[in-house]
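In what follows, a single structure is set out as structure tokens and then discussed.
The values are calculated or read from the model by the stated rules, or taken from the named source; none is laboratory data. Please read these numbers as outputs of a predicted model, since none were measured by experiment. Note: ideal-geometry Cβ built from the backbone for every residue, glycine included; neighbour counts use all protein chains shown.
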Amino acid sequence: MPRQTDLSSAYSLVCALLVARGNDDRDDAEDAAERILGPWGADCPDGFWERLAEETEFHGVTPLLAPMIMACGPPSGVPDLARRIFFALASRQRRATAAREVAIDRLLEAFGAVDVPMLLLKGAALAHSLYASPELRAAADIDILVDPADERRAVDLVRGLGYRFADRQGPMFSGRFHHLPAATMQQPGFVVALEIHRDAMSRDQPDSLTLRSLTTPPQMVTRGARPAGLALGHVDMLRHLSRHAFEPAYRVRLIHLYDLWLYQARFRHAIDWRALATRHPHVATALRLVDQVFANPLGGDTETTTAAAPSGVGAGMLPLSQIAASEMGLMAKLRALLDPPAWWLHGFYGVPPGSSLLACRAVRHPATVARWLARRALARGRFENQGGLT
């Protein structure tokens, strides 16, 4: 195992720990964590445990892995420093989850009282439908989906609960974006953030998913003694998770891949796989790519799924805003725009692993980039004409 603290080694260890945790809570996960982390004991490089903690935080998997790491006793070689770091991070996550869950309670009660339909998206739904307790599913904000016809009523309801929308929201409400500007509310020690979506898919994706275009009826999400909510049905949930995981981003966050990995395993017998294969074949491609991430993260003697994996597993395409703001030269920016990692291209365009990306690189991706740039230029022009820029 390489004795270094670069991105690749930390990433591989995080993947290996998630594999040890498995598609469900496994009794032997803590023993597996000791085997994985044991070689990185007291003689590990300076800053190793801090670097590993940064990696788990970036990927949103600290609540999943902290109990495994904290359970590694002194014989394992995992130092007290590591356990203290992850205990502190997990404790903060529990407090943040408690504040977020209360906020979701109030949203469900407020929308239900006036009969405004609303679905819980992403972590707000998965924290209860997929995980043993909501504190295991980290989330930066609360995402909900409403019908565009109910948008103004939703805004009034949210404001009535004490949320404040981001500045310069006028042009943002004009229908060119898939969600409204972020709304925030201060809670003791935390800021609760909320995004009201009119479309569960971003405008950079080739699909649209609104309350009026659902493939299957919504499903009820029970939240223990808390108010229940509605979420996307299985087919739509997998559509959404697959597209969301492969949004343009420098690195694809492992929590989004783990959601997919866990979801297809947990609900395998309830999912209409035929409907997915017929109407949304990109989901099967995304699941194959997810398997490649978790297939054999620490290498070794086996060469199974990873042998055929595209280059750049886990890497994404830089968002346009980051490319524009970077100090890269012109040629580097063009490469970032037009030559993203093969693994990400397979996921974004739904090209099955093993199939050629030639047409994708030569035609589909350049056309997509041109569409993205044109849409942003048009949006900026409208924004300036409305006096939105200062």
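Sort out which residues of the stretch 206-234 are in a loop (DSSP other than H, G, I, E, B), among the hydrophobic types (A, V, I, L, M, F, W, C) and touching a residue at least 12 places away in the same chain (Cβ under 8 Å), and write them in order of number.
209, 211, 214, 232
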Criterion (surrounded by fewer than 15 Cβ atoms within 10 Å (Cβ to Cβ) and either touching a strand residue (DSSP E or B) at 6+ places or on another chain (Cβ under 9 Å) or at pLDDT 85 or above (or both)) met by exactly one of 88, 103 = 88
query = Considering only residues of the stretch 316-330 that are under 10 Å from residue 248 (Cα atoms) and among the aliphatic types (A, V, I, L, M), which is surrounded by the fewest Cβ atoms within 10 Å (Cβ to Cβ)?
reply = 320
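Please find, among 356, 311, the residue that is part of a loop (DSSP other than H, G, I, E, B), hydroxyl-bearing (Ser, Thr, Tyr) and modelled with pLDDT of 95 or more. Reasoning before the result, please.
On the way: 311 fails: modelled with pLDDT of 95 or more.
Among 356, 311, only 356 is part of a loop (DSSP other than H, G, I, E, B), hydroxyl-bearing (Ser, Thr, Tyr) and modelled with pLDDT of 95 or more.
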query = If you check residue 193 against the conditions, is it of a type outside the set (Val, Ile, Thr), in contact (Cβ under 8 Å) with a residue 24 or more places away in the chain, surrounded by fewer than 19 Cβ atoms within 10 Å (Cβ to Cβ) and touching a strand residue (DSSP E or B) at 6+ places or on another chain (Cβ under 9 Å)?
reply = yes
request  = All but one of (1) surrounded by 19 or more Cβ atoms within 10 Å (Cβ to Cβ); (2) within 19 Å of residue 142 (Cα to Cα) hold for residue 226, so report the exception by its number.
outcome  = (1)
Residues (in a loop (DSSP other than H, G, I, E, B) and either among the hydrophobic types (A, V, I, L, M, F, W, C) or exposed (fewer than 12 other Cβ atoms within 10 Å of the Cβ) (or both)) located in the stretch 331-353 = 351
key: Set 251, 243, 268: member being closer than 30 Å to residue 12 by Cβ, basic (Lys, Arg) and surrounded by 20 or more Cβ atoms within 10 Å (Cβ to Cβ)   = 243
request  = Six or more apart or on different chains, Cβ under 7 Å: which pairs go from a residue in the stretch 267-289 that's under 16 Å from residue 346 (Cα atoms) to one that's hydroxyl-bearing (Ser, Thr, Tyr)? Could you list them?
outcome  = 282/242; 283/242; 286/242
inquiry  = So for the stretch 73-82 (the condition being modelled with pLDDT under 95 and within 22 Å of residue 135 (Cα to Cα)), does at least one residue qualify?
reply    = yes
message = Which numbered condition in (1) assigned to a helix (DSSP H, G or I); (2) under 25 Å from residue 317 (Cβ atoms) is the only one that residue 199 fails?
response = (1)
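Right, residue 129: polar (S, T, N, Q) and over 25 Å from residue 189 (Cβ atoms) or not?
Details: polar (S, T, N, Q): yes; over 25 Å from residue 189 (Cβ atoms): yes.
Against the criterion (polar (S, T, N, Q) and over 25 Å from residue 189 (Cβ atoms)), residue 129 qualifies.
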ask   = Out of (1) over 17 Å from the mean Cα position of the chain (by Cα); (2) assigned to a helix (DSSP H, G or I); (3) farther than 19 Å from residue 354 by Cβ, what's the single condition that is false for residue 237?
value = (1)
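Tell me whether the stretch 125-139 contains one or more residues that are aromatic (Phe, Trp, Tyr) and either at positive phi or in a helix (DSSP H, G or I) (or both).
Looking through the stretch 125-139, none of the residues is aromatic (Phe, Trp, Tyr) and either at positive phi or in a helix (DSSP H, G or I) (or both).
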request  = Under 8 Å between Cβ atoms, at least 6 apart or on separate chains: pull out the pairs that start in the stretch 142-157 with a residue that is in contact (Cβ under 8 Å) with a residue 40 or more places away in the chain and end on any residue that is of a type in the set (Lys, Arg).
outcome  = 142/100; 143/122; 145/198; 146/198; 147/198; 147/212; 148/198; 151/198
ask   = Looking at (1) on the phi > 0 side of the Ramachandran plot; (2) part of a helix (DSSP H, G or I), can you tell me which one residue 106 breaks?
value = (1)
message = Regarding the stretch 141-161, can at least one residue be identified that is within 25 Å of residue 238 (Cβ to Cβ), modelled with pLDDT under 95, more than 15 Å from the chain's Cα centre (by Cα) and in a helix (DSSP H, G or I)?
response = yes
ask   = Filtering the stretch 200-231 down to residues that are aliphatic (A, V, I, L, M) and within 16 Å of the chain's Cα centre (by Cα), which residue is nearest to residue 115 (Cα to Cα)?
value = 200
